[in-house]
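Remarks on the structure that follows.
The values are calculated or read from the model by the stated rules, or taken from the named source; none is laboratory data. Nothing here was measured: the structure is a model prediction, and the numbers come from that model. Positions of Cβ are generated from backbone atoms using ideal geometry, with glycine treated the same way; all protein chains shown enter the neighbour counts. These area figures cover heavy atoms from the full protein model, side chains too; ligands, DNA and RNA do not enter into them. Shrake-Rupley method; radii C 1.70, N 1.55, O 1.52, S 1.80 Å.
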Amino acid sequence: MHDKTDQPHWHEPKAGENAGFGKFTRKPMPYDSFMEAEGVPVYRGIGVRRVQDLPMNPWHRLGGRGSYIQLYGTEGLWGCYIVEVPGAGALNIERHLYEKLVLVVEGRGSTEVWQEGGKKHTFEWQKGSLFTIPLNAFHRFVNAASSPALLLCGTSAPNIMNLIDNPNFIFNCDHSFTDRFSGADDFFLPRDDIEPDPVRGLAMCRTNLIPDVINCDLPLDNRRSPGYRRVEPRMASNRFYMFVGQHETGRYAKAHKHHSTAVLICIEGKGYTYTWPDALGATPWRDGKSDKILRQDYEPVGLVTAAPMSGDWFHQHFGTSAGPLRLLAWHGPNNHPALKPGRPGEKMADIWAIDIDKGGNAIPYHMEDPAIRLEFEQTVAREGVKSRMNPVFYKRPPAAGEEVPADM
């Protein structure tokens, strides 16, 4: 480099040396720069106990107060923010070339959705409502109460902005995606019919609005913990993947691992999550590596990123309240390991629900660190809740041909 920093000059490395700086600082992507220019806080971390407690600033573009939330591990994969709808007021009209999911944290009101020159669709929402805004549709959020409403939004804005890098085009494209928003009168009519998802055969519901995701019925799943319930809402042909899961009172999930993408949103109950790099193994407490384990406590509406850094991370979720722990999981578009791009026709397995001693990515209870069970039992006891983790759960299943013990 020359002395004048505005005149970079290439120097070929000497023999035995490598080209370049060697060490460097990561530059902001277009979406990072866009967030910073919006004039609202950008919260970064592994999670937050309650989004209601995050600081918010006036947001000129949206017309309310708000804050961006970019949890570790989600950078570039999908975006998130909270926005406050003024009491007895409304946010500004929007349209954009990215998908958006909305969870109502507080308040009640309505949303208006329409295409250029088309009919305006209006539906009502309340605390716990979950819905989507169809791609590039005009929309406006209206508050029906005198107190502010709070909305948590997940978007594919980073994916679009980091590729196109032209906000004017993203916010002012006039194309109507009629394949995503047909304009049918029943488009936002809630539906609860369950069908198997076409990839893994798990419970799925095609609906663009769930009036109350906190209390809606969930089909039995059993993949994460005994009695676990789960459903995948599919909304407006979005690529943005999500599911709703619930652990029974007094029970906790098996640890399992995957790469960064998922954020768990606590919508009922309270609890905590542990997450650690898979390189630490299945028993990091016993192996003296507890200083490298991360923990996030939460209550409604709290967030935690399942895998906050690069590579695969184990994560394990614990409900500690008298009621069940219900979590909404947002993964962003085309990010879930089972749904990300790959070789068409490739044979795959649901390894995230298969135990590691059987070739999967989940730690069975009989192989987990003993500190996990001990802490959970002590924690729920302090809350006046009885652990329902049956001792049988911690027994090693008999191998093929092995005699089954009488107590199993």
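Scan D297, D287 and give me the residue that is at pLDDT 95 or above, over 25 Å from E75 (Cβ atoms) and open to solvent by 30 Å² or more (accessible area, probe 1.4 Å). Give the derivation first.
Details: D297 fails: over 25 Å from E75 (Cβ atoms).
Selected residue: D287, the only one of D297, D287 that is at pLDDT 95 or above, over 25 Å from E75 (Cβ atoms) and open to solvent by 30 Å² or more (accessible area, probe 1.4 Å).
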Give the residues of the stretch 23-47 that are free of Cβ contacts under 8 Å to residues at least 60 places away in the same chain, assigned to a loop (DSSP other than H, G, I, E, B), of a type outside the set (D, E, K, R) and open to solvent by 70 Å² or more (accessible area, probe 1.4 Å), sorted by residue number. F24, T25, P28
Evaluate the following for G342: is it open to solvent by 30 Å² or more (accessible area, probe 1.4 Å), among the small types (G, A, S) and touching a residue at least 24 places away in the same chain (Cβ under 8 Å)? no
Looking at (1) surrounded by 12 or more Cβ atoms within 10 Å (Cβ to Cβ); (2) more than 20 Å from A262 (Cα to Cα); (3) not aliphatic (A, V, I, L, M), which is the only condition G359 fails? (1)
Would it be correct to say that L280 is at pLDDT 95 or above and buried (at least 21 other Cβ atoms within 10 Å of the Cβ)? no
Residue among D192, D185 that is under 23 Å from L328 (Cβ atoms) and either open to solvent by less than 80 Å² (accessible area, probe 1.4 Å) or in a loop (DSSP other than H, G, I, E, B) (or both): D192
Quick one: is M242 buried (at least 22 other Cβ atoms within 10 Å of the Cβ), more than 17 Å from A371 (Cβ to Cβ) and not polar (S, T, N, Q)? yes
Subset of the stretch 96-113, residues farther than 26 Å from E232 by Cβ and crowded, with 19+ Cβ neighbours inside 10 Å, comes to G107, G109
Take the stretch 245-273 and flag every residue that is among the hydroxyl-bearing types (S, T, Y) and surrounded by 22 or more Cβ atoms within 10 Å (Cβ to Cβ). Y252, S260, T261, Y272, T273
Among the residues of the stretch 48-70, is any open to solvent by 50 Å² or more (accessible area, probe 1.4 Å) and under 30 Å from S182 (Cα atoms)? yes
Scope the stretch 302-337; condition farther than 20 Å from S225 by Cα, in contact with a Lys or Arg (Cβ under 7 Å, 6 or more places away or on another chain) and either open to solvent by 10 Å² or more (accessible area, probe 1.4 Å) or modelled with pLDDT under 95 (or both); matching residues: D312, P333, N334
Go through the stretch 76-122 and tell me which strands (runs of 3 or more DSSP E), entirely inside it, have 1 or more residues that are hydrophobic (A, V, I, L, M, F, W, C) and touching a helix residue (DSSP H, G or I) at 6+ places or on another chain (Cβ under 7 Å). 79-85, 100-106
